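The values are calculated or read from the model by the stated rules, or taken from the named source; none is laboratory data. Please read these numbers as outputs of a predicted model, since none were measured by experiment. So basically every Cβ, Gly included, is an ideal-geometry build from the backbone, and we count neighbours across all protein chains shown.
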Ligand code: DAH
């Protein structure tokens, strides 16, 4: 019996040394500690041992069993630790690596300026209305007091779609749509894209305008200048002033061109204002009575003022952009500056 135990111990030590996987370890447990394993076998053999020797022999077997269990436990703990370490190595994250940047988009400068203009006028009680980009001749021209064959049609190079429809050349047609659907008092802004066959450093075949229209009792040119003063002061600088110059638009009488005192040189003269001290920013005037009448508004009771702002022009002035193409090329190096 003792001889058997000695041989078994030797075998056990040899096996332990060979274990390299969880499967090996499980097989080891089965072979030595399992119900039908070698130690259970030894226990069974106790029956054949003499009565006097049995307790001592039982203790030897038991000690051996405790020893095998301890070996098994130590090895299984070691393997578990190794497994964990391997997993940690595999899943390790190098927190010193630079993070992947998620780039955030930003507003296009034209959108920024459009929103800024809307904000200023919304503060004066203006609502926003949007009309269609494909417009009919009546809204874009005729009802704005530009009859067919009128020379002022040549002021704008129109993209005609057929004899009736065209790509709107101005947001002014929005005035007609608003007055058709609302009764005075009216105070609206009409932002939108407009189209003209024109292209150079300061003109693009597609650009953006913001129309303004106020119709109520007793509205005069003074109201226009007062509103525009507030507008340019918020947009450019609190110190700028406006200047009205006589002009001509078929849908306003009188018509004016609005200049703002140069916000770059405070009127002293610089390259931005071409050494005049003034910069032209928009057109406007008192709504022609015929336009009001064309929309069923009694021009003896009501009067109106209107203005049209070129959003590209304002954006280029405000940010010192010298080529309109930059606004449409979508070059990130340009756009990221806003
Ligand atoms: N529609 C004009 C243009 O595109 C701008 C304009 C001038 C709009 C005078 C107006 C206005 O409402 O009163 O050149």
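Computed quantities for the displayed model
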read-out	value
Test result for residue 310, touching a helix residue (DSSP H, G or I) at 6+ places or on another chain (Cβ under 8 Å), under 26 Å from residue 151 (Cα atoms) and surrounded by 14 or more Cβ atoms within 10 Å (Cβ to Cβ)	no
Which listed residue, of 297, 321, is within 16 Å of the ligand (Cβ to nearest atom), in contact with a helix residue (DSSP H, G or I) (Cβ under 7 Å, 6 or more places away or on another chain) and assigned to a loop (DSSP other than H, G, I, E, B)	297
Out of 269, 304, 310, 283, sole residue that is without any contact (Cβ under 8 Å) to a residue 60 or more places away in the chain and either in contact with a strand residue (DSSP E or B) (Cβ under 9 Å, 6 or more places away or on another chain) or within 12 Å of the ligand (Cβ to nearest atom) (or both)	283
Residue in the stretch 51-62 that is part of a helix (DSSP H, G or I), modelled with pLDDT of 90 or more and touching a strand residue (DSSP E or B) at 6+ places or on another chain (Cβ under 8 Å) present	no
Given (1) at negative phi; (2) surrounded by fewer than 20 Cβ atoms within 10 Å (Cβ to Cβ), number of the condition residue 274 does not satisfy	(1)
Those residues of the stretch 209-231 which are over 12 Å from residue 309 (Cα atoms) and part of a helix (DSSP H, G or I), in sequence order	221, 222, 223, 224, 225, 226, 227, 229, 230
